[in-house]
1. With labels modelled as points extended 7 Å from the Cα through the Cβ direction, what inter-label distance (nm, one decimal) is found for Ala277 paired with Asp404?
2. Please compute the per residue accessible area over the chain with all protein chains in place, 1.4 Å probe, rounded to a whole number of Å².
3. Using the Karplus curve 6.51 cos²θ - 1.76 cosθ + 1.60 with θ = phi - 60°, what ³J(HN,Hα) values do you get for each residue of segment 148-157, in whole Hz, with x for Gly and Pro?
4. Select from segment 279-324 those trypsin sites (Lys or Arg not before Pro) which occupy a DSSP coil region and have at most 13 other Cβ atoms within 10 Å, ordered by residue number.
5. For segment 359-472, just list the percent of Cα-Cα distances falling in each 10 Å bin from zero outward, please.
6. If we sort 401-414, 217-230, 327-340 on the protection proxy, mean other Cβ atoms within 10 Å, highest first, what's the order?
7. What does the helix-only formula give at 222 nm for the chain: each DSSP H stretch with n ≥ 4 adding -39500 (n - 2.57), the total divided by the residues, and the result rounded to the nearest 500 deg cm²/dmol?
8. Out of segment 206-314, which GluC sites (Glu not before Pro) are coil in DSSP terms and have no more than 14 other C-beta atoms within 10 Å?
Amino acid sequence: MPPEQAPSWFTEAQREVWTRWTAAIAQWRQAHEAPSGEDLADLAEGLDVQELLGFVAPDVIAEPSLGAFLGAMEDAVAASDRTPGRLLAVPRLLRASVAEARGDMPSYRALLESALEADPDNREALVDLADLHAIAGEALEADRLYRRGGLPPDSDELKALEPFLHPPADGPGRNRPCPCGSGKKYKVCHGRTAVHPLEQRARWLWTKLCMFAQRSPQRADLLHWGGVLAGAEPGSSEAARQALGNPMVHDFAIVDGGLLAKFLTVMGELLPADELALAQSWEGRPMRLLEVRRVLPMRGIVATDLLTREELEIADRRLSREVEPRDVLLGRPLDDGSRTLRLQTSPALVPRTSRARLLELLRAGGAPRELAAAVFVPVRPIVQTTGGEEMVFCTARYDVPALDQTWGLMAGRLDDDPELTTLHRLSEDDTVLGTVSRRAGRLVLETNAVERLRALQAILLEVDPQARLVDESMEPLDALADRASDDPDAAEADQPQLRPEDFAAMARRYQDRWLDDSIPVLGGETPRQAARSSRREDLIALLDDFEWQQRRSPTPFDMDVDGLRRELGIEG
């Protein structure tokens, strides 16, 4: 990878070493000539100090001819007088990455042990060897090596091992005599080899997969999926943050991105046989769009797969405390080995209003990448008027040469009485599309959509071409609601202040109009019509969406959904 393509989050020192590395391997590719021995030793030291081995490993994995380059580096380090033992670990660890990528586990393990011989405190070699023992189910040895490698006690790796450092609970007791008659305590005799039930090890198996996904040969896969979920390029800092901090990135990369199949090829022979079979059963398991039907306290949930209509019981105590009926989740239920479904990764809570769009994508056979982008790439929510425009509160103030005359002309165009204090522009069904009022010697136009403001401005300029715009403001509904509730003094002094009762009155007026408005998702029928037609189920689903959205994200404009149900003859 050229220096200009170095990850954007590199420090200046890391970028300098990266530049030297790319220049050195470019020279090797072009002339099959390595830098001087001193330069190679410097490079090895830079890669070690700046912790860049994981970033340069893909280069040597992708190009086998670099094996000779690493041999030259090892010879240069061995001939130097700068702590050669410690630095010998650098080319050996890079060669170990090549062996790992090839699936040559004997060579991989031998190279790790060789690196550890050169540098007994090498953190990377210790942790990589611990990973191999963990994959094989050897919890005690993995724990010892992880701790030597300096992993903090609260690391995922050590927490995953903790339940398996002691014999299964159904044994005779750790300090009781072993039933084999050896006279030893169970914990130091057969307790060492006692196997915990598979369903207890399923979570540990998933952790092994996540550990594998984080290794340098898979780094590009993680960054790819980090970019998908961030809506950014794989080399961006946003992609890296997602790859490091969002477990869903691992989930997509492991199952949908092919890392599970790669893990089975590379590491499968190390797994206990029953874990191997379980991991194989997870291949191809899809992400599911789930609607929560019932919460089972301290047990889990019952949910419906909205695509297949299959009802699933998912065991998850934590989830039973966090979700409510009608919540929509995106997650991947997996068998834990006992025919019990569990979510190894916390599911994403999906807005109910996104349900139809995501189902359409799933029915069309949308790729996992499209599904991930549709759910996770942040998009500002858009609240719409009944006419389908984005709801934005707009105000425009005008100076007019002859205020009374222009007022009368506007009243004539809007079919309003010029004696009124406010003129209204109405739609054919009497929906208010905008208002005109007089304040401080000026005309003030107000609408709840930009398109409606432009139409009202056009009328004003037709009746009075001399009208001069003083200023205009546009504020989305969510920003206005936040400002009114959190900082009522933030508005300009000459703008009208909205009180809680004003919001309630606006919500009531909108609710009354909504009952008789044509609604696109109801096929153009009004809610009153849909309540008596084949669209009744769509109307019930729409009211459920309203109720869910208002419960999860209340605003001052919330409607009385129970009141709407009563008005429409629908039971809650």
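The values are calculated or read from the model by the stated rules, or taken from the named source; none is laboratory data. Just so you know, these numbers come straight off a predicted model, no measurement behind them. Positions of Cβ are generated from backbone atoms using ideal geometry, with glycine treated the same way; all protein chains shown enter the neighbour counts. Note: accessible area is taken over every heavy atom of the protein model, side chains too, but ligands, DNA and RNA are not part of it. Shrake-Rupley method; radii C 1.70, N 1.55, O 1.52, S 1.80 Å.
1. Each label point lies 7 Å from its Cα, and together they span 9.6 nm.
2. Per residue, the chain has 50 Å² of solvent-accessible surface.
3. Per-residue couplings from phi come out as 4, x, x, 5, x, x, 9, 5, 4, 4 Hz.
4. Arg309
5. Going out from 0 Å in 10 Å bins, segment 359-472 shows 13, 36, 21, 11, 10, 8, 0 percent.
6. Put in order of decreasing packing, that is 217-230, 327-340, 401-414.
7. Estimated from H runs of four or more residues: -15000 deg cm²/dmol.
8. Numbers: sites: Glu238, Glu269, Glu275, Glu283, Glu291, Glu310, Glu311, Glu313; in loops: Glu283, Glu310.
Qualifying residues, ordered by number: Glu283, Glu310.
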